[in-house]
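Enquirer: One structure, as structure tokens, below. Some questions next.
The values are calculated or read from the model by the stated rules, or taken from the named source; none is laboratory data. Just so it is clear, the model here is predicted, and its values are computed rather than measured. A quick note on method: Cβ atoms are made from the backbone with ideal geometry, for glycine too, and the neighbour counts reach across all protein chains shown.
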Amino acid sequence: MRTYVLRRITLIIPTIFLVSIVVFALIRAIPGDVVTLMLQDSKDPQQAEQLRQQLGLDKPVVIQYGIWLEHAVQGDLGTSLWTKNSVAGEISRALPVTLELAIISMLIASLLAIPFGLISALMQNRFPDYLVRVISITGLSIPNFWLGTLLIMLPAIWFRWSPPTTYVSIFADPVQNLKQFMLPSLSLGYGFSAITMRLMRSETLEVMRQDYIRTAQAKGLASRALVMRHILRNALIPVITVMGAQARLFLGGAVLIEQIFLLPGLGRLTLWAIQVRDYPQLQANILIIVIITLLLNLLTDLSYGWLDPRVRLA
Amino acid sequence: MGVVGHQTKSPSMGDERPRGLSRRDLLQRGALLGAGALVAPLIAACGGGSTLGLTTTSESGGTQPAATSEGGSGSASGTSGTPGTSASASPSEQQAAGQPKKGGTLKWYLPDDPPDLDPHMQTTSSLQWVLGMCYNGLLRYNVGPGNGPESEAAATPVPDLATKYENVDELTYVFHLRQGVKFHDGTDLTAEDVAYSLNRIRTDSPEFQRAYAFTPVDSVEATTPDSVTIKLKEPYAALINEIAAAYTRIAPKHVIEEKGDMKQVVVGTGPFKLKSYQRGQQMVLERNDAYFEPDTPYLDGIEIAIMPDNSSQLAAFNSHAIDIYQPANSSQLDTMKKVNPDIVVTEYAPMGLNGIGCNTQVKPFDDVRVRQALWYAIDQQKIIDIVYAGHGSKQRAVPATYAGWVVPYDQLPMSDAPNIDKAKALLKEAGYADGFKVKCKSVYRYSQKEATVAAQLFKAIGVDMEIVDMEYGAFLTARNTGDFDLIAFALAPFGDISDFTAALYGTTASRNYGHWGDADLDALLEKGDKELDVDKRKAIYADVQKMLAERCWVIDFPEDKLFDAVHPYVKGFVSAQNPERGLGFWHIWLDK
């Protein structure tokens, strides 16, 4: 087990290295470079050249990458081309916001998806099942940014209420913080729960058809124990895989939600970095997202073992 | 700087502006609008030893001479008068609105963070808005209650840190400083600070985006402890406008020397001090109790939330989480009024000019007849009706905001547009009787909707124009490198009328994207730059406008109207989407 984890972690390093090359090249290949955006209206090529020199962008891309890599391996991700702030500092401010959003959304999604999916399957083709299916289909069909927009516009029109305009850390003021995270987490969590709910339902149905369930029923196991110990645990395995695989979507997929709900998270920072072509910031953000995704994948894989003894043995 | 230039039309991403042009864009060019136009007479009228023309406005927006607190009558032709305090609302107006009350915190927002806080480098509008509250210049524009953005007074420079200036001769200007002004850190303002700041703005480096405005300046020196002398290389009609421009700000020399720049700190002389700033979240300004204008500002402070998303801005306004919303379009207004029927709305014209630029190095747009045919196919009224919901007016050549200098639409050549017959005849003459196909590059924020209507209108003359939707950064590159046939874009006005026309149409100008202009126009522009006599100068710029209208380098779209909304307890608010005029919010007070 330990060698497996170590091997997986070691494999992360070349992956990050390769991704950093691809990202470095790609963000410089987008039409419209940072110099154009900084100079805005002026098309004076001399000014552009001077600025490019100041920013160190006049060197060949390979050299630029070399310089970046040299600093990066020493833990220095550079400074933002625009704000001149440390890139790592910006991320350390933004990441907790996104993580909190992701955790609360996941929580909402799981609380909705697992019980409702289970109920839906257990009461197949009866009214609660239909209701859950309608709810999940709606969640699948509605884009989260649209739901977010509604969630912010309608209370303002109906009750003249809108979430706080300024982000407060959960440690500074938990009430204010939760007021701000409530709606964005709901808009993200609902869409996310829809997929999981449907999966939970179909997996439960699948498990219920298995022989061992019939055996368990035949030996007279109480239905509560049957559901909790045999059905739920087995049905959860693929559900957790999917949730794990989707968790990374919160990092990138929260971009629009963070924008709408004024959350200064990683998504918003990344969008900004793309729009103004802040290469060091974008590079670092994507690296962080990649690292987190790889770790999440690892955790998902490890969780199989815990949930499913068959994998553990293999 | 949160440039929202994504192509997605989702409600969350769209920088939902009434026209393609976002407020930020308009602002960030350092739009000084008609300022120059109105100041030029002052300079011109006073050959030697002039003083500032001090005026306040009546509510109608007309100008009238104002009595100054120091007793000097601020006539433009005075020889060495004493300008008094900067004009503020006339007494009658203040009575009408109630007596200003001190106290309270204004809740406001900006769509994005400034890139940094240095007052001498960037011209980004979010930066200008904030710094306008914290810094002063030698002069400022007389915006204030009663002097809305379209009034002549709002475009008139008045004293700020300088009490008066003299032009000793055509090439020498001496500014006398106000006494007893303190920076936010408690140090005194000196002539050294002023000279240092003006010279820093002139730094020849791309970081200093306003350096070009002071190209004709030879030197700036602190000649006495309370006066600064500016020497020019050649006569420069626009100097006073550039000095009054809000981004010509005075910052303390010792702070810049100590820190290297002012990207992280705000130390000004203005009505508000920066109390705290969390990037991406909020800025808090507090009253500067030592502000040199007595009794102002009225507010205790201003909380500025950074709100990139339009729907959250609207929701926040509807729920009173912010006090001001700007600018709104008519459908947003309907919703706002339903939720809060008592909001106060001001309608005003934006400062820019939108249009389709032709690349004259590409066939068939090298042929003036083809460009004229396109102009004749444009029905500006249709664009007003469809895109601006009827709120707009026809305009050409230069934005209507250069009040007093604009040749009326009807008096420009080819004002009989739309005229499909003439358009077809011109195309036939040019050898394109059957029309042609062309692509028009565009971006969501710049007049894309107008261009879409134009594409329909062009069909009548056989021109098949396809609108190409681009990401903002890619669009800028295409525009700046001339990589287009047609381009739908926005022209933001700069300080002086010469600044606007020369920057876009001078053959070597830095904003001449489509190889516009020609030797005739260059000659006219050169004449206009040097002409200090205001009437002669006006005549020159009338000719410039006629030439622009006739040669159709840019196919103009009409002018639209925008709306600013405030809650009724916000008093003294002045609509102005151009912070470059230095709207410091010192005049805003809360009646609650």
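Enquirer: Name the single residue, out of those in region A:73-88 being surrounded by fewer than 20 Cβ atoms within 10 Å (Cβ to Cβ) and more than 10 Å from every other protein chain (Cβ to nearest Cβ), that is modelled with the highest pLDDT.
Expert: Going through the qualifying residues, I end up with A:Ala88.
Enquirer: Considering each of A:Ala245, A:Ala284 in turn, give the residue that is more than 14 Å from every other protein chain (Cβ to nearest Cβ), in contact with a helix residue (DSSP H, G or I) (Cβ under 6 Å, 6 or more places away or on another chain) and not basic (Lys, Arg).
Expert: None of the other options fit; the residue is A:Ala284.
Enquirer: Still on this model: For B:Asn354, all conditions in the list (1) surrounded by fewer than 20 Cβ atoms within 10 Å (Cβ to Cβ); (2) part of a strand (DSSP E or B); (3) not hydrophobic (A, V, I, L, M, F, W, C) hold save one; what is the number of the exception?
Expert: (1)
Enquirer: Checking B:Asp543 against (1) more than 14 Å from every other protein chain (Cβ to nearest Cβ); (2) of a type outside the set (Lys, Arg); (3) farther than 18 Å from B:Val362 by Cα; (4) buried (at least 19 other Cβ atoms within 10 Å of the Cβ), only one condition comes out false. Which one?
Expert: (4)
Enquirer: Quick test for you: out of A:Leu140, A:Leu183, A:Leu154, pick the one residue that is more than 13 Å from chain B (Cβ to nearest Cβ), of a type in the set (A, V, I, L, M) and either surrounded by fewer than 21 Cβ atoms within 10 Å (Cβ to Cβ) or not in a helix (DSSP H, G or I) (or both).
Expert: Just a single option satisfies the conditions, and that option is A:Leu140.
Enquirer: Any chance region B:97-111 includes a residue that's modelled with pLDDT of 85 or more and of a type in the set (A, V, I, L, M)?
Expert: yes
Enquirer: Among the numbered conditions (1) over 25 Å from the mean Cα position of the chain (by Cα); (2) within 25 Å of A:Gly32 (Cβ to Cβ), tell me where B:Glu471 comes up short.
Expert: The one condition B:Glu471 does not meet is (1).
Enquirer: Consider B:Ser447 against the criteria (1) closer than 28 Å to B:Ala539 by Cα; (2) under 32 Å from the mean Cα position of the chain (by Cα): it satisfies all of them except one. Which criterion is unmet?
Expert: With (1) closer than 28 Å to B:Ala539 by Cα; (2) under 32 Å from the mean Cα position of the chain (by Cα) applied to B:Ser447, the lone miss is (1).
Enquirer: Take A:Val62 and decide whether it is more than 30 Å from A:Pro309 (Cα to Cα) and either more than 9 Å from every other protein chain (Cβ to nearest Cβ) or surrounded by 14 or more Cβ atoms within 10 Å (Cβ to Cβ) (or both).
Expert: It is true that A:Val62 is more than 30 Å from A:Pro309 (Cα to Cα) and either more than 9 Å from every other protein chain (Cβ to nearest Cβ) or surrounded by 14 or more Cβ atoms within 10 Å (Cβ to Cβ) (or both).
Enquirer: Please count how many residues of region A:16-28 are small (Gly, Ala, Ser) and surrounded by 17 or more Cβ atoms within 10 Å (Cβ to Cβ).
Expert: Number of matching residues: 1.
Enquirer: While we're on this one: Assigned to a helix (DSSP H, G or I) and modelled with pLDDT under 85 - does that describe any residue in region B:515-530?
Expert: Checked region B:515-530: at least one residue is assigned to a helix (DSSP H, G or I) and modelled with pLDDT under 85.
Conditions (1) touching a residue at least 40 places away in the same chain (Cβ under 8 Å); (2) touching an Asp or Glu at 6+ places or on another chain (Cβ under 9 Å), marked per residue:
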| residue | (1), (2) |
| --- | --- |
| A:Asp44 | no, no |
| A:Leu77 | yes, no |
| A:Arg93 | yes, no |
| A:Ile114 | yes, no |
| A:Met123 | no, yes |
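Enquirer: Of A:Ser110, A:Ser169, which residue is closer than 25 Å to A:Leu262 by Cβ, surrounded by fewer than 23 Cβ atoms within 10 Å (Cβ to Cβ) and among the hydroxyl-bearing types (Ser, Thr, Tyr)?
Expert: A:Ser169
Enquirer: Scan region A:3-12 and tell me whether some residue there is within 14 Å of chain B (Cβ to nearest Cβ), at pLDDT below 85 and either surrounded by fewer than 18 Cβ atoms within 10 Å (Cβ to Cβ) or part of a helix (DSSP H, G or I) (or both).
Expert: no
Enquirer: Scan region A:220-231 and tell me whether some residue there is more than 14 Å from chain B (Cβ to nearest Cβ), more than 26 Å from A:Arg201 (Cβ to Cβ) and in contact (Cβ under 8 Å) with a residue 12 or more places away in the chain.
Expert: no
Enquirer: Could you look through region B:462-472, keep only residues that are in contact (Cβ under 8 Å) with a residue 40 or more places away in the chain and either buried (at least 22 other Cβ atoms within 10 Å of the Cβ) or in a strand (DSSP E or B) (or both), and pick out the one that is nearest to the other protein chains (Cβ to nearest Cβ)?
Expert: B:Tyr472
Enquirer: I've got another one for you. Restricting to region B:379-392, name every residue that is more than 19 Å from the chain's Cα centre (by Cα) and closer than 21 Å to B:Pro327 by Cα.
Expert: B:Ile383, B:Ile384, B:Asp385, B:Ile386, B:Val387, B:Tyr388, B:Ala389, B:Gly390, B:His391, listed by residue number.
Enquirer: Can B:Tyr277 be described as within 14 Å of another protein chain (Cβ to nearest Cβ), part of a helix (DSSP H, G or I) and either of a type outside the set (A, V, I, L, M) or surrounded by 23 or more Cβ atoms within 10 Å (Cβ to Cβ) (or both)?
Expert: Against the criterion (within 14 Å of another protein chain (Cβ to nearest Cβ), part of a helix (DSSP H, G or I) and either of a type outside the set (A, V, I, L, M) or surrounded by 23 or more Cβ atoms within 10 Å (Cβ to Cβ) (or both)), B:Tyr277 does not qualify.
Enquirer: Can you give me the number of residues within region A:164-177 that are away from chain B (no Cβ under 14 Å) and in contact with a helix residue (DSSP H, G or I) (Cβ under 8 Å, 6 or more places away or on another chain)?
Expert: 1
Enquirer: Do we have A:Ser202 as surrounded by fewer than 23 Cβ atoms within 10 Å (Cβ to Cβ), away from every other protein chain (no Cβ under 14 Å) and modelled with pLDDT of 85 or more here?
Expert: yes
Enquirer: Which members of region B:546-569 meet the condition of being among the aromatic types (Phe, Trp, Tyr) and surrounded by fewer than 20 Cβ atoms within 10 Å (Cβ to Cβ)?
Expert: Matches in region B:546-569: B:Tyr569 only.
Enquirer: Are any residues in region B:313-337 within 14 Å of another protein chain (Cβ to nearest Cβ), farther than 16 Å from A:Ser162 by Cα and touching a helix residue (DSSP H, G or I) at 6+ places or on another chain (Cβ under 7 Å), and if so, which ones?
Expert: Matches in region B:313-337: B:Gln332 only.
Enquirer: Further question on the same structure: I'm trying to understand the selection: among the residues of region B:478-533, which are closer than 25 Å to B:Ala155 by Cα, touching a strand residue (DSSP E or B) at 6+ places or on another chain (Cβ under 9 Å) and touching a residue at least 60 places away in the same chain (Cβ under 8 Å)?
Expert: Once the filter is applied, which keeps residues that are closer than 25 Å to B:Ala155 by Cα, touching a strand residue (DSSP E or B) at 6+ places or on another chain (Cβ under 9 Å) and touching a residue at least 60 places away in the same chain (Cβ under 8 Å), region B:478-533 yields B:Ala490, B:Leu491, B:Ala492, B:Pro493, B:Phe500.
Enquirer: Taking region B:121-142 only, how many residues are in contact (Cβ under 8 Å) with a residue 40 or more places away in the chain and closer than 18 Å to A:Asp41 by Cβ?
Expert: Residues flagged as in contact (Cβ under 8 Å) with a residue 40 or more places away in the chain and closer than 18 Å to A:Asp41 by Cβ within region B:121-142 amount to 7.
Enquirer: On to the next question. Given the criteria crowded, with 20+ Cβ neighbours inside 10 Å and assigned to a strand (DSSP E or B), does B:Met283 qualify?
Expert: So B:Met283 fits the description; yes.
Enquirer: Can you name the residue in region A:26-54 that is more than 10 Å from chain B (Cβ to nearest Cβ) and out of contact with any helix residue (DSSP H, G or I) (no Cβ under 7 Å at 6 or more places or on another chain) and is also nearest to B:Thr477 (Cα to Cα) among such residues?
Expert: A:Ala29
Enquirer: Now for a different question. Of (1) crowded, with 19+ Cβ neighbours inside 10 Å; (2) assigned to a loop (DSSP other than H, G, I, E, B), A:Pro31 satisfies all except one. Which?
Expert: Exception for A:Pro31: condition (1).
Enquirer: Which of the following residues is in contact with a Ser or Thr (Cβ under 8 Å, 6 or more places away or on another chain) and at pLDDT 90 or above: B:Pro579, B:Pro558, B:Pro568?
Expert: Sole residue among the options that is in contact with a Ser or Thr (Cβ under 8 Å, 6 or more places away or on another chain) and at pLDDT 90 or above: B:Pro558.
Enquirer: For B:Ser312, are the conditions met, namely being hydroxyl-bearing (Ser, Thr, Tyr) and part of a strand (DSSP E or B)?
Expert: no
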